[in-house]
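Visitor: Submitted below is the structure of interest, expressed as structure tokens.
The values are calculated or read from the model by the stated rules, or taken from the named source; none is laboratory data. Given the structure is predicted, the values throughout are model-derived calculations rather than measurements. We place every Cβ from the backbone using ideal geometry, glycine too, and count neighbours over all the protein chains shown. Heavy atoms of the whole protein, side chains included, go into the accessibility calculation; ligands, DNA and RNA do not. Shrake-Rupley method; radii C 1.70, N 1.55, O 1.52, S 1.80 Å.
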Amino acid sequence: MFHLPRAAAGAVVAASLLVSAASAQTVLRSSDTHPDGYPTVEAVKYFGELVKERTDGRYEVEVFHSAQLGQEADTIEQTQFGVIDLNRISIGAFGTQVPEATVTQLPFIFRSVDHYHNVLDGPIGDEILAAFDSVDVVALAFYDGGSRSFYNSSKPIETPDDMAGMKFRVMQSDIFVDMVGALGGNATPMPYGEVYSGIQTGVIDGAENNYPSYDTAGHAEVAKYYSLDEHLMVPEVLVMSKIVWDGLAPEDQEIFRQAAKDSVAKQRELWAAQEVESKKKVEELGAKINTVDKAPFIEAMKPVYEKYVTDPKLKDLVERIQATEG
Ligand code: GTR
């Protein structure tokens with residue numbers, strides 16, 4: 001794992017904006033935890049092509065995939081400091097720092113892919129993107145991240161009771177910890193890159209994620225039981241460091257924002273294909289997939305909503321999401 005000492009941050013800020021006087025070209029570094037070829041990685045590459053074309057080559061984007069720049073939580077800090085210019089992360093990696101975005105981490109808040117798209121493509125989505133300003137990043141666009149379900153190495157989960165005494169890795173977000181607790185399991189927050197060995201060595205029984213992550217991170221090799229409770233649809237988000245953003249001319253800011261929006265359709269297309277491919281791959285590998293009756297899982301989430309949706313503004317936001325069609 002790559003950890004950047006704070007003292008080195010200044011030097012890297014300078015290095016990250018690789019400006020070549022001859023071509024006046026700036027190469028922006030973008031981080032992603034996923035491997036090359038993953039839909040989010042390819043979407044950010046496409047975004048970079050649009051930016052390059054629309055700025056006549058003044059800006060380029062280089063995607064550092066496979067967590068080359070660090071695990072998500074660390075890369076967020078580095079993006080806030082301007083050490084990393086761009087970052088494609090899951091909203092879950094922000095934990096509960098951005099209240100409006102925390103709402104998207106509420107289990108079962110989205111009813112379907114159409115509901116998720118209708119919410120994020122409209123004014124509510126813009127409101128959530130704008131809320132990231134409070135944590136020194138500029139959120140440019142949402143990408144698809146499918147739905148997350150539990151998987152483990154020992155048995156199918158059919159009801160929340162089956163989770164009793166089991167340890168599940170979760171993202172480093174309090175709401176994930178409370179969600180697993182409310183279902184009767186034990187949550188172990190840990191970086192994504194440690195999940196495979198965690199399951200293999202028995203430190204944890206399993207984790208929760210979408211098919212493409214379960215497949216591409218190799219988790220299906222060590223945790224054969226994938227139980228389709230689909231408790232979460234957490235948006236992926238492309239963010240830019242506020243420090244870097246503030247250094248862009250207003251016309252260029254507009255180009256970056258539009259290029260990000262224009263990369264969304266491409267990502268959704270790649271995502272839909274990857275979900276099908278990953279499901280097929282994990283099945284070939286011997287994954288045992290079971291469907292579950294979601295009702296008791298949904299019912300168990302009441303305390304999570306009660307804990308996180310107390311502020312009247314957030315209550316209103318949740319109600320507006322629930323009232324959106326789809
Ligand atoms: C994936 C997401 C990653 C990362 C990972 C995790 O679905 O795309 O960005 O957040 O989950 O669980 O850590």
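Visitor: Looking at (1) surrounded by fewer than 19 Cβ atoms within 10 Å (Cβ to Cβ); (2) away from the ligand (no atom under 16 Å from the Cβ), which one does F256 not meet, given that it meets all the others?
Guide: Only one criterion in (1) surrounded by fewer than 19 Cβ atoms within 10 Å (Cβ to Cβ); (2) away from the ligand (no atom under 16 Å from the Cβ) is unmet by F256, namely (1).
Visitor: Specify which of the listed residues (L248, L314) is free of Cβ contacts under 8 Å to residues at least 12 places away in the same chain and in contact with a Phe, Trp or Tyr (Cβ under 9 Å, 6 or more places away or on another chain).
Guide: L248
Visitor: Same structure, new question: Scan V119, V135, V61 and give me the residue that is open to solvent by less than 10 Å² (accessible area, probe 1.4 Å), more than 16 Å from the ligand (Cβ to nearest atom), assigned by TED's automatic domain parsing to the domain that holds V264 and aliphatic (A, V, I, L, M).
Guide: Within the list V119, V135, V61, the selection yields V119.
Visitor: Here is a further query. Could you check the stretch 98-116 and list, in sequence order, the residues that are small (G, A, S) and open to solvent by 10 Å² or more (accessible area, probe 1.4 Å)?
Guide: Correct list: S112 only.
Visitor: L106 passes all but one of (1) among the aliphatic types (A, V, I, L, M); (2) within 15 Å of the ligand (Cβ to nearest atom); (3) under 19 Å from Y305 (Cα atoms); which number fails?
Guide: (2)
Visitor: In the stretch 38-50, what residues are closer than 14 Å to L238 by Cα and of a type in the set (A, V, I, L, M)?
Guide: The answer is V41, A43, V44.
Visitor: Which members of the stretch 199-218 meet the condition of being of a type in the set (A, V, I, L, M, F, W, C) and away from the ligand (no atom under 11 Å from the Cβ)?
Guide: Answer for the stretch 199-218, where residues must be of a type in the set (A, V, I, L, M, F, W, C) and away from the ligand (no atom under 11 Å from the Cβ): I199, V203, I204.
Visitor: Can you name the residue in the stretch 77-89 that is on the phi < 0 side of the Ramachandran plot and open to solvent by less than 10 Å² (accessible area, probe 1.4 Å) and, of all such residues, is nearest to the ligand (Cβ to nearest atom)?
Guide: I89
Visitor: Right, next: Considering L129, L140, which residue is buried (at least 19 other Cβ atoms within 10 Å of the Cβ), part of a helix (DSSP H, G or I), more than 14 Å from the ligand (Cβ to nearest atom) and not assigned by TED's automatic domain parsing to the domain that holds G286?
Guide: L129
Visitor: If you go through the stretch 150-198 one residue at a time, how many are within 16 Å of the ligand (Cβ to nearest atom) and of a type in the set (S, T, N, Q)?
Guide: 5
Visitor: Still on this structure, please answer the following. Please count how many residues of the stretch 157-208 are within 15 Å of V222 (Cβ to Cβ), in contact (Cβ under 8 Å) with a residue 24 or more places away in the chain, β-branched (V, I, T) and open to solvent by 40 Å² or more (accessible area, probe 1.4 Å).
Guide: 1
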